[in-house]
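Laboratory data are not the source of any read-out in this text; all were calculated from the coordinates shown. Everything numeric here is computed off the predicted structure, so don't read it as measured data. Cβ sites come from the backbone with ideal geometry, for glycine too, and all protein chains shown count toward neighbours.
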Amino acid sequence: MTVNPHPYDDLKPDNILDAIEAAGFVINGRLFALNSYENRVYQIGIDDRSPIIAKFYRPDRWTEAQIREEHTFSAELLAADVPVVAPLTMPSGDTLGEHNGFRFAVFDQRGGQAPDTSVPDTLYRLGQWLGQLHNVGGSKNFQSRPTLSLLSGITDASLYLTENDWVPDDLRPAWDSLIPNLIEHCQRRIEDAGEVANIRLHGDCHAGNILVRDDQMLFVDLDDCRTGPAIQDLWLLLNGDDAEQGVQFGELLEGYEMFREFNRRERHLIEPLRCYRQIAHAAWLAKRWDDPAFPRFFPWFIQGRFWSDQILALREQLAALQAPPISIPGQM
């Protein structure tokens, strides 16, 4: 008896097309896989309209309630004229479909390029949209989606990596001594930030999840939407050295505060968030290693060089945590 190594092995082309047809679309048989690792995403040809994009959610990652909260949040943003790609209501009458154990949603096909965040006006406009996005996010609470938890997230991700023997033996002493120091300094930064409001967020608002076309901006992929501090949706748009990031942050906030006040003490959370993302990303790769796509696209993950580079990067992150927080020119 053959045992499938991963649930996505059952997501064959016929299964995909059958799911879309069962949802009420008249398909023309054209199917094209798009780059996606966490979920599976396809462009599907439809007879009476332009192609649609179908996202098949990774089994057992989100509950139905959590996915529906993502869809509801997207719809709220769209209703408030925040430019997002929201799931379509399918001919079946729902935004969420299910077929042979796979939940899926469909979206309009939208094109564009990532924004050039080195351009001040681009950052200003992104800040304006994020202020409006957060006005919607702050108007209600998620009931099922997770809340961003920095310290427990770092601890849990590191434990997963060490308990499952992902960190090479010769690097374990360095890793084991570094993680407690990182957590200690993250804790200090969190204390420096003080009381911070948590709101509904995009959750993964980097430039790759924003499209620009004909001078129009569009936020995509709310798959990681969750509750957390506003800074989580801003800091991933910053690049360069501290001085450059300070200038960029100022541009973002100038646009943001046209629509929503920002608690500047949240800047103390940038380095803890960066630390969390780095360790959580490694744990994510480890947890997904049974998916055949991951060894194929991330072969360097099991090489010793990757882990020595990770430790070097985390040591640099420790130094960043010990330095003063990002400063905004002309502001305290």
Once the dipole of segment 7-108 is set up from charges on Cβ (+1 Lys and Arg, -1 Asp and Glu), the residue from the list 53, 87, 104 lying farthest towards its positive end is 53
Ranked highest first by average number of other Cβ atoms within 10 Å, how do 131-137, 101-107, 89-95 line up? 131-137, 101-107, 89-95
Summed residue charge, Cβ within 15 Å of residue 120's Cβ, Lys/Arg positive, Asp/Glu negative: -4
Chain lengthening between residue 116 and residue 34 when straightened (0.36 nm per residue, less Cα-Cα): 27.2 nm
If I take all pairs of Cα atoms in segment 176-332, what percentage of them are more than 24 Å from each other? 43
In whole Hz and in residue order, list the ³J(HN,Hα) couplings for segment 59-65 that follow from phi through the Karplus curve 6.51 cos²θ - 1.76 cosθ + 1.60, θ = phi - 60°; x for Gly and Pro. x, 6, 7, 10, 7, 4, 4
Using each residue's phi in segment 158-169, evaluate 6.51 cos²θ - 1.76 cosθ + 1.60 at θ = phi - 60° and report the 3J(HN,Hα) Karplus result to the nearest Hz, with x for Gly and Pro. 5, 4, 4, 5, 7, 5, 9, 6, 7, 7, x, 4
Output needed: percent of Cα pairs per 5 Å distance bin for segment 136-192, bins running from 0 to the one holding the longest distance. 4, 15, 20, 17, 14, 13, 8, 5, 4, 1
Just how large is the dipole of the chain about the Cα centre, in debye to the nearest 20, putting +1 at every Lys and Arg Cβ and -1 at every Asp and Glu Cβ? 100
Candidate lysines for bridging to residue 287, where Cα separation is under 24 Å - those fewer than 8 sequence places away on the same chain excluded: 12, 55
Binned at 10 Å from 0, what are the whole-percent values of the Cα-Cα distance distribution for segment 34-181, short to long? 9, 25, 29, 24, 11, 2, 0
Chymotrypsin sites (Phe, Trp or Tyr not before Pro) restricted to segment 1-94 and DSSP loop, no more than 16 other C-beta within 10 Å: 37
Quick one: Karplus J couplings for segment 35-48, per residue in order, coefficients 6.51, -1.76, 1.60, θ = phi - 60°, nearest Hz, x for Gly and Pro? 5, 6, 10, 5, 10, 10, 10, 9, 8, 10, x, 10, 4, 9
Residue-averaged [θ]222 nm for the chain, counting only DSSP H segments that reach four residues, each worth -39500 (n - 2.57): -13500 deg cm²/dmol
Using eta = 0.890 mPa s and T = 25 °C, Stokes-Einstein with Kirkwood Rh from Cα pairs puts D for the chain, in µm² s⁻¹, at 114
Within the chain, longest stretch clear of exposed GluC sites (Glu not before Pro) (DSSP loop, no more than 12 other Cβ within 10 Å): 1-194
Where the eigenvalues come from the Cα gyration tensor of segment 7-108, what are the semi-axes √(5λ) of the equivalent ellipsoid, largest first, in whole Å? 21, 17, 12
